[in-house]
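Report on the following structure.
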Amino acid sequence: RPRALSGIQPTASSFHLGNYLGAIRQYVAMQETHDAFYMVVDLHAITVPQDPATLRANTRLAAAQLLAAGLDPERCTLFVQSHVPEHAQLGWLMNCITGFGEASRMTQFKDKSARHGADSATVGLFTYPILQVADILLYQADAVPVGEDQRQHIELTRDLAERFNGRFGATFNLPAAHIVREVAKIYDLQDPTAKMSKSAATAKGLVNLLDEPKASAKKFRSAVTDTDTVIRYDEKEKPGISNLLRIHSALTGTGIAELEEQYAGKGYGALKTDLAEIFVAWVTPFRERTQEYLGDPETLDSVLAEGAEKARAVAAETLALAYDRIGFLPAK
Ligand code: ATP
Ligand code: MG
(Lines give C-alpha, C1' and ligand atoms only; values in the text may rest on other atoms or scores of the structure.)
(Ligands and ions follow the chains in the order given, each with its own letter.)
Protein backbone atom coordinates (compact mmCIF):
# COMPACT_ATOMS: atom_id res chain seq x y z
CA ARG A 1 0.00 0.00 0.00
CA PRO A 2 1.22 3.51 -0.70
CA ARG A 3 1.74 5.65 2.36
CA ALA A 4 -0.24 8.79 3.23
CA LEU A 5 0.73 11.43 5.78
CA SER A 6 -0.93 14.64 6.87
CA GLY A 7 -1.19 16.97 9.84
CA ILE A 8 -3.63 19.48 11.23
CA GLN A 9 -3.01 22.25 13.74
CA PRO A 10 -4.64 22.43 17.18
CA THR A 11 -4.75 26.22 16.97
CA ALA A 12 -8.48 26.64 17.59
CA SER A 13 -11.15 25.01 19.70
CA SER A 14 -12.86 23.74 16.55
CA PHE A 15 -12.00 22.68 13.03
CA HIS A 16 -13.86 24.54 10.30
CA LEU A 17 -15.69 23.40 7.21
CA GLY A 18 -12.65 24.14 5.00
CA ASN A 19 -10.49 21.81 7.12
CA TYR A 20 -13.12 19.11 6.91
CA LEU A 21 -13.88 19.26 3.19
CA GLY A 22 -10.37 20.16 2.04
CA ALA A 23 -8.40 17.77 4.22
CA ILE A 24 -10.10 15.59 6.86
CA ARG A 25 -12.53 13.94 4.44
CA GLN A 26 -9.59 12.81 2.34
CA TYR A 27 -7.86 11.49 5.48
CA VAL A 28 -10.89 9.32 6.14
CA ALA A 29 -11.11 8.03 2.56
CA MET A 30 -7.39 7.28 2.34
CA GLN A 31 -7.52 4.95 5.34
CA GLU A 32 -8.96 2.42 2.89
CA THR A 33 -6.35 2.82 0.17
CA HIS A 34 -3.18 3.86 1.98
CA ASP A 35 -1.01 3.05 4.96
CA ALA A 36 -2.13 6.29 6.58
CA PHE A 37 -0.46 8.44 9.26
CA TYR A 38 -2.28 11.50 10.62
CA MET A 39 -1.09 13.82 13.32
CA VAL A 40 -2.13 16.79 15.37
CA VAL A 41 0.75 19.19 14.73
CA ASP A 42 1.31 20.89 18.05
CA LEU A 43 4.89 21.85 17.15
CA HIS A 44 3.44 23.92 14.32
CA ALA A 45 0.82 25.45 16.60
CA ILE A 46 3.44 27.19 18.76
CA THR A 47 4.78 29.18 15.80
CA VAL A 48 2.17 31.70 16.92
CA PRO A 49 1.49 32.49 20.61
CA GLN A 50 -0.46 29.79 22.49
CA ASP A 51 -1.80 29.61 26.01
CA PRO A 52 -0.46 26.30 27.46
CA ALA A 53 -3.73 25.09 29.01
CA THR A 54 -5.66 26.00 25.87
CA LEU A 55 -3.14 24.28 23.62
CA ARG A 56 -3.42 21.08 25.65
CA ALA A 57 -7.23 21.19 25.55
CA ASN A 58 -7.25 21.98 21.82
CA THR A 59 -4.92 19.07 21.11
CA ARG A 60 -7.39 16.62 22.68
CA LEU A 61 -10.23 18.42 20.93
CA ALA A 62 -8.47 18.02 17.61
CA ALA A 63 -7.95 14.30 18.13
CA ALA A 64 -11.59 13.86 19.21
CA GLN A 65 -12.81 15.64 16.09
CA LEU A 66 -10.61 13.52 13.83
CA LEU A 67 -12.07 10.37 15.38
CA ALA A 68 -15.58 11.79 15.14
CA ALA A 69 -14.99 12.52 11.45
CA GLY A 70 -14.26 8.84 10.88
CA LEU A 71 -10.59 8.15 11.53
CA ASP A 72 -10.32 4.65 12.91
CA PRO A 73 -7.22 3.79 14.97
CA GLU A 74 -7.52 0.24 13.63
CA ARG A 75 -7.10 1.49 10.08
CA CYS A 76 -4.73 4.43 10.47
CA THR A 77 -2.08 5.76 12.80
CA LEU A 78 -3.27 8.84 14.70
CA PHE A 79 -0.81 10.66 16.93
CA VAL A 80 0.42 13.95 18.33
CA GLN A 81 3.51 15.40 16.64
CA SER A 82 5.39 16.28 19.85
CA HIS A 83 5.11 12.65 20.99
CA VAL A 84 7.49 11.73 18.19
CA PRO A 85 10.74 13.66 18.81
CA GLU A 86 12.15 12.67 15.42
CA HIS A 87 10.09 15.47 13.81
CA ALA A 88 12.15 18.18 15.48
CA GLN A 89 15.35 16.23 14.89
CA LEU A 90 14.89 15.75 11.15
CA GLY A 91 13.54 19.30 11.00
CA TRP A 92 16.99 20.55 11.98
CA LEU A 93 18.67 18.62 9.18
CA MET A 94 16.20 20.06 6.71
CA ASN A 95 16.82 23.60 8.01
CA CYS A 96 20.47 23.06 7.23
CA ILE A 97 19.93 22.26 3.55
CA THR A 98 17.34 25.01 2.89
CA GLY A 99 18.40 28.31 1.38
CA PHE A 100 17.33 31.45 3.19
CA GLY A 101 15.94 32.91 -0.03
CA GLU A 102 14.12 29.68 -0.77
CA ALA A 103 12.41 29.78 2.63
CA SER A 104 11.61 33.46 2.13
CA ARG A 105 9.55 32.62 -0.94
CA MET A 106 6.94 30.70 1.06
CA THR A 107 3.76 32.71 0.64
CA GLN A 108 2.16 31.41 3.86
CA PHE A 109 4.88 33.09 5.88
CA LYS A 110 4.30 36.34 4.07
CA ASP A 111 0.53 36.12 4.67
CA LYS A 112 0.73 35.03 8.27
CA SER A 113 3.52 37.36 9.34
CA ALA A 114 1.58 40.23 7.79
CA ARG A 115 -1.46 39.18 9.79
CA HIS A 116 0.40 38.80 13.08
CA GLY A 117 2.54 41.88 12.51
CA ALA A 118 5.91 41.47 10.78
CA ASP A 119 7.83 42.42 13.95
CA SER A 120 6.17 39.86 16.18
CA ALA A 121 6.48 36.98 13.67
CA THR A 122 8.81 34.32 15.06
CA VAL A 123 11.69 32.47 13.45
CA GLY A 124 9.58 29.35 14.08
CA LEU A 125 6.84 30.71 11.84
CA PHE A 126 9.48 31.36 9.20
CA THR A 127 10.90 27.83 9.29
CA TYR A 128 7.63 25.96 9.82
CA PRO A 129 7.41 24.81 6.18
CA ILE A 130 10.81 23.16 6.68
CA LEU A 131 9.56 21.30 9.74
CA GLN A 132 6.64 20.25 7.58
CA VAL A 133 9.12 18.86 5.06
CA ALA A 134 10.58 16.71 7.83
CA ASP A 135 7.08 15.62 8.93
CA ILE A 136 6.42 14.21 5.48
CA LEU A 137 9.83 12.73 4.69
CA LEU A 138 10.09 10.91 8.05
CA TYR A 139 7.28 8.60 6.94
CA GLN A 140 8.55 8.18 3.36
CA ALA A 141 5.07 9.35 2.38
CA ASP A 142 3.78 8.92 -1.17
CA ALA A 143 0.66 11.08 -0.86
CA VAL A 144 -0.05 14.13 1.28
CA PRO A 145 -3.76 15.04 1.47
CA VAL A 146 -3.98 18.84 1.91
CA GLY A 147 -5.82 21.93 0.76
CA GLU A 148 -4.58 24.18 -2.04
CA ASP A 149 -2.80 26.52 0.40
CA GLN A 150 -0.28 23.76 1.14
CA ARG A 151 0.74 23.06 -2.46
CA GLN A 152 3.87 25.21 -2.26
CA HIS A 153 5.04 23.41 0.87
CA ILE A 154 4.73 20.03 -0.81
CA GLU A 155 6.80 21.39 -3.71
CA LEU A 156 9.44 22.46 -1.19
CA THR A 157 9.32 18.96 0.30
CA ARG A 158 10.09 17.42 -3.08
CA ASP A 159 12.90 19.91 -3.72
CA LEU A 160 14.57 19.25 -0.38
CA ALA A 161 14.16 15.48 -0.65
CA GLU A 162 15.81 15.55 -4.07
CA ARG A 163 18.59 17.79 -2.78
CA PHE A 164 19.30 15.56 0.20
CA ASN A 165 19.19 12.41 -1.94
CA GLY A 166 21.47 14.02 -4.51
CA ARG A 167 24.05 15.09 -1.94
CA PHE A 168 24.02 12.16 0.42
CA GLY A 169 22.51 9.24 -1.49
CA ALA A 170 19.00 7.82 -1.79
CA THR A 171 17.30 8.45 1.55
CA PHE A 172 13.82 9.90 1.08
CA ASN A 173 10.83 9.00 -1.03
CA LEU A 174 9.47 11.87 -3.15
CA PRO A 175 5.87 12.61 -2.07
CA ALA A 176 3.05 14.14 -4.10
CA ALA A 177 0.30 16.47 -2.89
CA HIS A 178 -3.14 14.89 -2.91
CA ILE A 179 -5.42 17.86 -3.56
CA VAL A 180 -9.07 17.35 -4.52
CA ARG A 181 -9.80 20.24 -6.87
CA GLU A 182 -13.48 20.78 -6.02
CA VAL A 183 -12.82 21.24 -2.31
CA ALA A 184 -9.20 22.42 -2.38
CA LYS A 185 -10.15 25.90 -1.24
CA ILE A 186 -13.35 26.61 0.63
CA TYR A 187 -13.91 30.34 0.94
CA ASP A 188 -15.01 32.56 3.81
CA LEU A 189 -18.79 33.05 3.70
CA GLN A 190 -18.43 36.80 4.18
CA ASP A 191 -15.48 37.25 1.83
CA PRO A 192 -15.70 34.68 -0.97
CA THR A 193 -12.25 35.67 -2.23
CA ALA A 194 -10.50 34.73 1.05
CA LYS A 195 -9.76 31.21 2.28
CA MET A 196 -11.90 30.07 5.19
CA SER A 197 -9.32 29.96 7.95
CA LYS A 198 -8.96 29.28 11.67
CA SER A 199 -7.53 32.75 11.96
CA ALA A 200 -10.29 34.34 9.86
CA ALA A 201 -10.83 38.04 9.65
CA THR A 202 -14.57 37.73 10.21
CA ALA A 203 -16.12 35.23 12.61
CA LYS A 204 -19.31 35.54 10.56
CA GLY A 205 -17.67 33.96 7.55
CA LEU A 206 -16.08 31.07 9.44
CA VAL A 207 -18.14 27.87 9.85
CA ASN A 208 -16.77 26.05 12.88
CA LEU A 209 -17.81 22.43 13.20
CA LEU A 210 -18.27 22.61 16.97
CA ASP A 211 -20.24 25.86 17.07
CA GLU A 212 -23.93 25.80 17.90
CA PRO A 213 -25.48 24.48 14.63
CA LYS A 214 -28.09 27.24 14.77
CA ALA A 215 -25.36 29.86 14.67
CA SER A 216 -23.74 28.17 11.66
CA ALA A 217 -27.12 27.92 9.89
CA LYS A 218 -27.45 31.66 10.27
CA LYS A 219 -24.00 32.18 8.73
CA PHE A 220 -25.07 30.22 5.65
CA ARG A 221 -28.29 32.20 5.38
CA SER A 222 -26.40 35.49 5.54
CA ALA A 223 -23.54 34.43 3.23
CA VAL A 224 -22.31 37.21 0.95
CA THR A 225 -23.26 36.58 -2.68
CA ASP A 226 -23.87 39.07 -5.52
CA THR A 227 -26.66 41.28 -6.81
CA ASP A 228 -27.61 38.95 -9.66
CA THR A 229 -30.34 36.33 -9.09
CA VAL A 230 -29.27 33.36 -11.22
CA ILE A 231 -27.75 30.34 -9.46
CA ARG A 232 -24.88 29.45 -11.74
CA TYR A 233 -21.34 28.20 -11.12
CA ASP A 234 -18.92 30.95 -12.11
CA GLU A 235 -15.86 31.38 -9.92
CA LYS A 236 -14.94 34.75 -11.43
CA GLU A 237 -18.29 36.52 -11.61
CA LYS A 238 -20.07 34.70 -8.79
CA PRO A 239 -17.51 33.60 -6.19
CA GLY A 240 -20.03 33.54 -3.33
CA ILE A 241 -22.60 31.39 -5.13
CA SER A 242 -19.86 29.15 -6.54
CA ASN A 243 -18.52 28.56 -3.02
CA LEU A 244 -22.00 27.65 -1.75
CA LEU A 245 -22.56 25.32 -4.70
CA ARG A 246 -19.24 23.60 -4.07
CA ILE A 247 -20.06 23.10 -0.38
CA HIS A 248 -23.54 21.83 -1.24
CA SER A 249 -22.13 19.43 -3.81
CA ALA A 250 -19.47 18.13 -1.41
CA LEU A 251 -21.95 17.52 1.41
CA THR A 252 -24.70 15.94 -0.71
CA GLY A 253 -22.73 14.28 -3.49
CA THR A 254 -24.87 16.07 -6.08
CA GLY A 255 -22.96 17.33 -9.13
CA ILE A 256 -22.72 21.08 -9.69
CA ALA A 257 -24.55 20.91 -13.05
CA GLU A 258 -27.37 19.00 -11.41
CA LEU A 259 -27.58 21.62 -8.65
CA GLU A 260 -27.79 24.41 -11.22
CA GLU A 261 -30.74 22.60 -12.76
CA GLN A 262 -32.35 21.93 -9.39
CA TYR A 263 -32.16 25.62 -8.47
CA ALA A 264 -33.15 27.03 -11.87
CA GLY A 265 -35.73 29.76 -11.32
CA LYS A 266 -35.21 29.74 -7.57
CA GLY A 267 -33.66 32.59 -5.58
CA TYR A 268 -30.43 32.67 -3.61
CA GLY A 269 -32.47 32.37 -0.42
CA ALA A 270 -33.57 28.84 -1.34
CA LEU A 271 -29.98 27.67 -1.88
CA LYS A 272 -28.80 29.25 1.37
CA THR A 273 -31.67 27.85 3.44
CA ASP A 274 -31.22 24.36 1.99
CA LEU A 275 -27.48 24.46 2.56
CA ALA A 276 -28.00 25.59 6.16
CA GLU A 277 -30.25 22.56 6.73
CA ILE A 278 -27.89 20.15 4.99
CA PHE A 279 -24.99 21.37 7.11
CA VAL A 280 -26.94 21.13 10.37
CA ALA A 281 -28.03 17.57 9.56
CA TRP A 282 -24.43 16.58 8.92
CA VAL A 283 -22.81 18.44 11.81
CA THR A 284 -25.23 17.46 14.58
CA PRO A 285 -24.11 13.81 14.87
CA PHE A 286 -20.50 14.92 14.30
CA ARG A 287 -20.70 17.15 17.36
CA GLU A 288 -22.26 14.36 19.41
CA ARG A 289 -19.51 11.93 18.49
CA THR A 290 -16.85 14.52 19.34
CA GLN A 291 -18.39 14.99 22.79
CA GLU A 292 -18.38 11.21 23.33
CA TYR A 293 -14.66 10.97 22.58
CA LEU A 294 -13.95 13.98 24.80
CA GLY A 295 -15.96 12.44 27.61
CA ASP A 296 -13.45 9.59 27.83
CA PRO A 297 -10.01 11.27 27.89
CA GLU A 298 -8.28 8.09 29.08
CA THR A 299 -9.29 6.17 25.98
CA LEU A 300 -8.45 9.16 23.81
CA ASP A 301 -4.98 9.46 25.35
CA SER A 302 -4.31 5.76 24.94
CA VAL A 303 -5.30 5.91 21.26
CA LEU A 304 -2.75 8.71 20.87
CA ALA A 305 -0.10 6.81 22.83
CA GLU A 306 -0.49 3.73 20.63
CA GLY A 307 -0.40 5.92 17.55
CA ALA A 308 2.81 7.60 18.70
CA GLU A 309 4.45 4.24 19.27
CA LYS A 310 3.58 3.07 15.75
CA ALA A 311 4.70 6.40 14.29
CA ARG A 312 8.00 6.35 16.16
CA ALA A 313 8.90 2.95 14.79
CA VAL A 314 8.80 4.37 11.25
CA ALA A 315 10.21 7.79 12.11
CA ALA A 316 13.19 6.42 14.05
CA GLU A 317 14.23 4.23 11.13
CA THR A 318 14.18 7.15 8.67
CA LEU A 319 15.99 9.47 11.08
CA ALA A 320 18.73 6.89 11.70
CA LEU A 321 19.24 6.55 7.95
CA ALA A 322 19.37 10.34 7.48
CA TYR A 323 21.84 10.74 10.39
CA ASP A 324 24.06 8.10 8.88
CA ARG A 325 23.90 9.57 5.39
CA ILE A 326 24.77 13.06 6.59
CA GLY A 327 27.83 11.78 8.41
CA PHE A 328 26.92 11.80 12.10
CA LEU A 329 29.00 9.47 14.24
CA PRO A 330 26.72 6.72 15.51
CA ALA A 331 25.99 6.83 19.26
CA LYS A 332 27.12 3.54 20.75
P1 ATP B 1 -4.45 28.64 9.86
O2 ATP B 1 -5.21 29.71 9.17
O3 ATP B 1 -4.12 28.95 11.29
O4 ATP B 1 -3.26 28.13 9.08
P5 ATP B 1 -6.06 26.56 8.80
O6 ATP B 1 -7.50 26.82 8.81
O7 ATP B 1 -5.31 26.76 7.52
O8 ATP B 1 -5.42 27.40 9.97
P9 ATP B 1 -4.51 24.17 9.21
O10 ATP B 1 -4.44 23.32 10.43
O11 ATP B 1 -3.35 25.04 8.86
O12 ATP B 1 -5.82 25.07 9.32
O13 ATP B 1 -4.82 23.26 7.96
C14 ATP B 1 -5.25 21.90 8.05
C15 ATP B 1 -5.61 21.40 6.68
O16 ATP B 1 -6.82 22.04 6.22
C17 ATP B 1 -4.56 21.69 5.60
O18 ATP B 1 -4.44 20.56 4.78
C19 ATP B 1 -5.14 22.84 4.84
O20 ATP B 1 -4.68 22.89 3.50
C21 ATP B 1 -6.62 22.54 4.91
N22 ATP B 1 -7.44 23.76 4.77
C23 ATP B 1 -7.40 24.82 5.60
N24 ATP B 1 -8.28 25.75 5.20
C25 ATP B 1 -8.90 25.26 4.10
C26 ATP B 1 -9.92 25.75 3.22
N27 ATP B 1 -10.46 26.93 3.43
N28 ATP B 1 -10.32 24.97 2.19
C29 ATP B 1 -9.75 23.75 1.99
N30 ATP B 1 -8.79 23.24 2.77
C31 ATP B 1 -8.35 23.96 3.82
MG1 MG C 1 -3.17 26.64 7.54
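The values are calculated or read from the model by the stated rules, or taken from the named source; none is laboratory data. Just so it is clear, the model here is predicted, and its values are computed rather than measured. Backbone-built Cβ (ideal geometry, glycine too); neighbour counts: all protein chains shown.
Among helices (runs of 4 or more DSSP H) entirely within the range 19-103, having at least 1 residues that are modelled with pLDDT of 95 or more and more than 21 Å from Gln132 (Cβ to Cβ) singles out 25-30, 52-69.
Going through the range 303-332 one residue at a time, which ones are over 26 Å from the mean Cα position of the chain (by Cα) and part of a helix (DSSP H, G or I)? Matches in the range 303-332: Ala320, Leu321, Ala322, Tyr323, Asp324, Arg325, Ile326.
Could you check the range 299-329 and list, in sequence order, the residues that are over 26 Å from Ala64 (Cα atoms) and acidic (Asp, Glu)? Passing the criteria: Glu317, Asp324. When the range 112-128 is examined, which residues are found to be touching a Ser or Thr at 6+ places or on another chain (Cβ under 8 Å) and exposed (fewer than 14 other Cβ atoms within 10 Å of the Cβ)? Matches in the range 112-128: Arg115, Gly124. Annotation: Arg232 fulfils all but one of (1) without any contact (Cβ under 8 Å) to a residue 40 or more places away in the chain; (2) assigned to a helix (DSSP H, G or I); the unmet one is (2).
Among all positions in the range 98-111, there is no residue which is charged (D, E, K, R) and touching a Ser or Thr at 6+ places or on another chain (Cβ under 8 Å). Taken over the range 1-16, the criterion of being polar (S, T, N, Q) and in a loop (DSSP other than H, G, I, E, B) is satisfied by Gln9, Thr11, Ser13, Ser14. Condition check for His83 on (1) surrounded by fewer than 18 Cβ atoms within 10 Å (Cβ to Cβ); (2) out of contact with any Gly (no Cβ under 9 Å at 6 or more places or on another chain): one failure, at (2).
Among the residues making up the range 49-68, a single one is in contact (Cβ under 8 Å) with a residue 60 or more places away in the chain and surrounded by fewer than 19 Cβ atoms within 10 Å (Cβ to Cβ): Arg60. Filtering the range 8-38 to residues that are crowded, with 19+ Cβ neighbours inside 10 Å, aliphatic (A, V, I, L, M) and either over 29 Å from Leu189 (Cβ atoms) or more than 11 Å from ligand 1 (Cβ to nearest atom) (or both) leaves Val28, Met30, Ala36. Ile136 passes every criterion in (1) away from ligand 2 (no atom under 16 Å from the Cβ); (2) touching a residue at least 12 places away in the same chain (Cβ under 8 Å); (3) part of a helix (DSSP H, G or I) apart from (1). Can we say Leu5 is surrounded by fewer than 22 Cβ atoms within 10 Å (Cβ to Cβ), touching a residue at least 60 places away in the same chain (Cβ under 8 Å) and either within 22 Å of Ile179 (Cα to Cα) or within 16 Å of ligand 2 (Cβ to nearest atom) (or both)? Criteria not met by Leu5.
Considering (1) within 16 Å of ligand 2 (Cβ to nearest atom); (2) out of contact with any helix residue (DSSP H, G or I) (no Cβ under 9 Å at 6 or more places or on another chain); (3) part of a loop (DSSP other than H, G, I, E, B), the lone condition that Thr227 does not fulfil carries the number (1). Within the range 47-76, the set of residues being touching a Gly at 6+ places or on another chain (Cβ under 7 Å) and closer than 24 Å to Ala203 by Cβ comprises just one member, Thr47. Residues in the range 78-104 that are among the aliphatic types (A, V, I, L, M) and touching a residue at least 40 places away in the same chain (Cβ under 8 Å): Leu78, Val80, Val84, Ala88, Leu90, Leu93, Met94, Ile97. Restricting attention to the range 140-177, the residues that are within 16 Å of ligand 2 (Cβ to nearest atom) and in contact with a Pro (Cβ under 7 Å, 6 or more places away or on another chain) total 5. Only one entry in Lys185, Lys204 is among the basic types (Lys, Arg), within 16 Å of ligand 2 (Cβ to nearest atom) and closer than 30 Å to Ala264 by Cα, namely Lys185. Here is the figure for the range 156-193: residues that are away from ligand 1 (no atom under 16 Å from the Cβ) and crowded, with 20+ Cβ neighbours inside 10 Å total 4. When Thr33 is tested against (1) among the hydroxyl-bearing types (Ser, Thr, Tyr); (2) under 19 Å from Ile179 (Cβ atoms); (3) touching a Phe, Trp or Tyr at 6+ places or on another chain (Cβ under 8 Å), only condition (3) is not met.
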